[in-house]
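Colleague: Below is a structure I'd like to ask you about.
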Amino acid sequence: MKKELFFSVDIESNGPTPGLNSMLSFGAVAIEASGKVHGEFIANLLPLPGTEPDPAVTEWWRQQSTEALAALTSPEPESAPIVMSRFIKWVKDLIADQFKPVFAAWPAVYDLPFVAYYAMTQAGFQPVRHTYCLKSAAATLFGFSLIERGAKKYLPKHWSGGVSHNHTALGDAREQAQILVHLLETAKRLRERI
């Protein structure tokens with residue numbers, strides 16, 4: 001049986017809906033449950049033709065740090081077909097015949113539909129078949145509500161690996177990768193007790 005290779009994914013967008021709004025930045029960290037990192041991916045994207053920014057999200061971006069705003073333009077934005085073709089090649093090269101890809105995000109319901117939509121419509125391949133919602137897993141362990149904002153405050157501080165959530169796609173993907181490893185370790189320890 002193939003081992004899982006997790007892809008901790010974070011996207012930044014100009015709205016909540018793939019196809020109506022555009023993904024602006026995309027970061028991913030490929031990591032095993034053991035914490036072994038296999039690589040990182042970062043890209044900024046040009047808006048898709050025919051999409052519009054969501055006014056509420058535009059206002060939200062105005063309130064973000066200069067670091068987060070600067071991260072949307074460095075590296076320089078590229079067209080979605082170029083970015084997604086490069087991403088899919090990166091994923092395929094990493095998994096080869098050794099791993100099954102599992103895509104993870106906090107929350108999965110926001111980030112992963114963008115990745116799936118862009119991969120299929122811009123590069124003709126759908127890599128997002130197995131998913132792991134970090135927020136749902138953490139809510140199960142720590143008993144917070146899934147609709148609560150700012151729920152990462154319930155996690156042990158060391159779980160982020162010293163990486164702060166700063167709304168840069170790769171930075172947030174790194175933070176989530178560390179949280180993922182701790183969630184998987186905790187679940188393993190709980191399974192061993194049963």
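Colleague: Hey, can you tell me all the residues within segment 70-101 that are at pLDDT below 95 and open to solvent by less than 50 Å² (accessible area, probe 1.4 Å)?
Modeller: Ala71, Leu72
Colleague: Which one is least open to solvent (accessible area, probe 1.4 Å), of the residues in segment 4-40 that are assigned to a loop (DSSP other than H, G, I, E, B) and closer than 18 Å to Lys135 by Cα?
Modeller: Among residues in segment 4-40 that are assigned to a loop (DSSP other than H, G, I, E, B) and closer than 18 Å to Lys135 by Cα, the one least open to solvent (accessible area, probe 1.4 Å) is Ala33.
Colleague: With the condition kept exactly as written, say whether any residue in segment 173-180 is over 15 Å from the mean Cα position of the chain (by Cα) and open to solvent by less than 40 Å² (accessible area, probe 1.4 Å).
Modeller: Checked against the condition, which is being over 15 Å from the mean Cα position of the chain (by Cα) and open to solvent by less than 40 Å² (accessible area, probe 1.4 Å), segment 173-180 yields no hits at all.
Colleague: Next up: So in segment 151-169, with the set limited to residues that are touching a Phe, Trp or Tyr at 6+ places or on another chain (Cβ under 8 Å) and of a type outside the set (Lys, Arg), which one is surrounded by the fewest Cβ atoms within 10 Å (Cβ to Cβ)?
Modeller: First pass over segment 151-169, keeping only residues touching a Phe, Trp or Tyr at 6+ places or on another chain (Cβ under 8 Å): 151-152, 154-155, 169.
Keeping just the survivors that are of a type outside the set (Lys, Arg) gives 151, 154-155, 169.
On the way: Ala151: 17, Tyr154: 13, Leu155: 17, Ala169: 26.
Restricting to residues being touching a Phe, Trp or Tyr at 6+ places or on another chain (Cβ under 8 Å) and of a type outside the set (Lys, Arg), the top hit is Tyr154.
Colleague: Next question, about the same structure. Would you confirm whether or not segment 123-130 contains a residue that is charged (D, E, K, R) and either buried (at least 17 other Cβ atoms within 10 Å of the Cβ) or not in a loop (DSSP other than H, G, I, E, B) (or both)?
Modeller: Within segment 123-130 (the criterion being charged (D, E, K, R) and either buried (at least 17 other Cβ atoms within 10 Å of the Cβ) or not in a loop (DSSP other than H, G, I, E, B) (or both)), the answer is no, since none of the residues qualifies.
Colleague: Which members of segment 133-149 meet the condition of being among the hydrophobic types (A, V, I, L, M, F, W, C), more than 18 Å from Asp111 (Cα to Cα) and open to solvent by 50 Å² or more (accessible area, probe 1.4 Å)?
Modeller: Listed by number, the residues that qualify are Leu141, Phe142.
Colleague: Just wondering, is there one or more residues in segment 185-193 that are open to solvent by less than 70 Å² (accessible area, probe 1.4 Å), assigned to a helix (DSSP H, G or I) and in contact (Cβ under 8 Å) with a residue 12 or more places away in the chain? Walk me through it before giving the result.
Modeller: Taking segment 185-193 and keeping what is open to solvent by less than 70 Å² (accessible area, probe 1.4 Å), we get 186-187.
Now drop any that are not assigned to a helix (DSSP H, G or I), which leaves 186-187.
Imposing the further condition that a residue be in contact (Cβ under 8 Å) with a residue 12 or more places away in the chain reduces the set to 186-187.
Checked against the condition, which is being open to solvent by less than 70 Å² (accessible area, probe 1.4 Å), assigned to a helix (DSSP H, G or I) and in contact (Cβ under 8 Å) with a residue 12 or more places away in the chain, segment 185-193 yields at least one hit.
Colleague: In segment 16-32, which residues are under 26 Å from His182 (Cα atoms) and either of a type in the set (A, V, I, L, M) or free of Cβ contacts under 8 Å to residues at least 40 places away in the same chain (or both)?
Modeller: Result: Ala28, Val29, Ala30, Ile31, Glu32.
The values are calculated or read from the model by the stated rules, or taken from the named source; none is laboratory data. These figures come from a predicted structure and were not determined experimentally. Methodologically, a virtual Cβ is constructed for each residue, glycine included, from the backbone with ideal geometry; neighbour enumeration extends over all protein chains shown. In case anyone asks, the SASA skips ligands and DNA or RNA and just uses the protein heavy atoms, side chains included. Shrake-Rupley method; radii C 1.70, N 1.55, O 1.52, S 1.80 Å.
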